[in-house]
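A.B. asks: Got a structure for you, questions after.
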Amino acid sequence: MNEVDFLLWVKGPAFSIALFIFVAGLVLRLFEILSLGRKVNYAVPKGDPMQGGLREIFRRFWTDKATFQRSMLTIVAGYVFHIGLFVVIFLLAAHVEVFKSVLGFGWPNLSTPVVDAFAVVTMIALVVVLIHRLQHPVKRFLSTPGDYVVWAVTFIPLLTGYMAYHHLLLSPSLMLGLHILSVEVLLIVFPFTKLMHTFTVFLSRWYNGASMGLRGVKS
């Protein structure tokens with residue numbers, strides 16, 4: 001298989017397979033979570049669960065002062081790479097075109113140099129997070145192999161995308177193929193790793209907030 005055949009394969013059959021596994025896995029995991037249900041609460045409601053759930057979703061985007069001072073590096077780096085990932089994934093012109101081909105619609109994009117800068121900052125933040133995890137005795141002890149897999153499958157698409165755009169190391173077509181392949185690996189493992197928190201974080205926040213809202217307690 002030459003470079004052209006490899007690029008066509010990752011753009012065609014491999015992408016279709018990865019997308020199918022991603023969607024099927026996502027549906028399966030969400031079904032598992034939602035099918036757990038919740039016990040019927042016979043207590044008289046003292047508040048609005050919907051309001052409590054929505055309040056908790058947005059409240060948790062902000063960190064209290066004590067927690068921020070205690071874990072400043074983790075919090076700042078976390079915000080940086082999450083925002084950076086969002087910009088790179090959803091606002092790069094080439095990526096918008098991919099979403100358009102899959103979903104049937106697109107949206108405005110940022111200029112490539114701007115997204116490129118976000119990619120660099122995001123990679124730096126991810127490296128900082130990894131080094132901190134390795135150096136922090138408690139975090140290192142609590143880390144599992146899956147945590148490092150999640151880091152790798154998140155970092156490698158950024159790195160290969162950056163290298164493909166700047167024509168580094170390998171030929172542009174081969175590096176682009178490796179970039180697309182790394183994204184497909186990310187899609188495949190996504191539903192079965194902690195990356196799933198991208199979706200479940202909002203469900204868990206709403207559930208906790210709704211439970212407290214039902215009891216009339218502000219989270």
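A.B. asks: Failed condition for V129, given (1) at pLDDT below 95; (2) under 30 Å from S16 (Cβ atoms), with all others met?
C.D. replies: Only one criterion in (1) at pLDDT below 95; (2) under 30 Å from S16 (Cβ atoms) is unmet by V129, namely (2).
A.B. asks: Out of region 90-120, which residues are within 15 Å of Y162 (Cα to Cα), surrounded by fewer than 16 Cβ atoms within 10 Å (Cβ to Cβ) and of a type in the set (A, V, I, L, M, F, W, C)?
C.D. replies: Once the filter is applied, which keeps residues that are within 15 Å of Y162 (Cα to Cα), surrounded by fewer than 16 Cβ atoms within 10 Å (Cβ to Cβ) and of a type in the set (A, V, I, L, M, F, W, C), region 90-120 yields A93, A94, V114, A117, V120.
A.B. asks: Among the residues of region 1-37 satisfying the criterion of being buried (at least 16 other Cβ atoms within 10 Å of the Cβ) and of a type in the set (G, A, S), which is nearest to L187 (Cα to Cα)?
C.D. replies: Once the filter is applied, the top-ranked residue is A18.
A.B. asks: Please determine, by comparing only the residues of region 64-89 that are surrounded by fewer than 16 Cβ atoms within 10 Å (Cβ to Cβ) and polar (S, T, N, Q), which one is nearest to V10 (Cα to Cα).
C.D. replies: Applying the filter and picking the extreme gives S71.
A.B. asks: Let me ask you something else. Looking at this structure, is A119 closer than 23 Å to E184 by Cα, at pLDDT 90 or above and not basic (K, R)?
C.D. replies: yes
The values are calculated or read from the model by the stated rules, or taken from the named source; none is laboratory data. None of these values were measured; they are calculated from a predicted model. Reconstructed Cβ throughout: ideal geometry from the backbone, glycine too, with neighbour counts over all protein chains shown.
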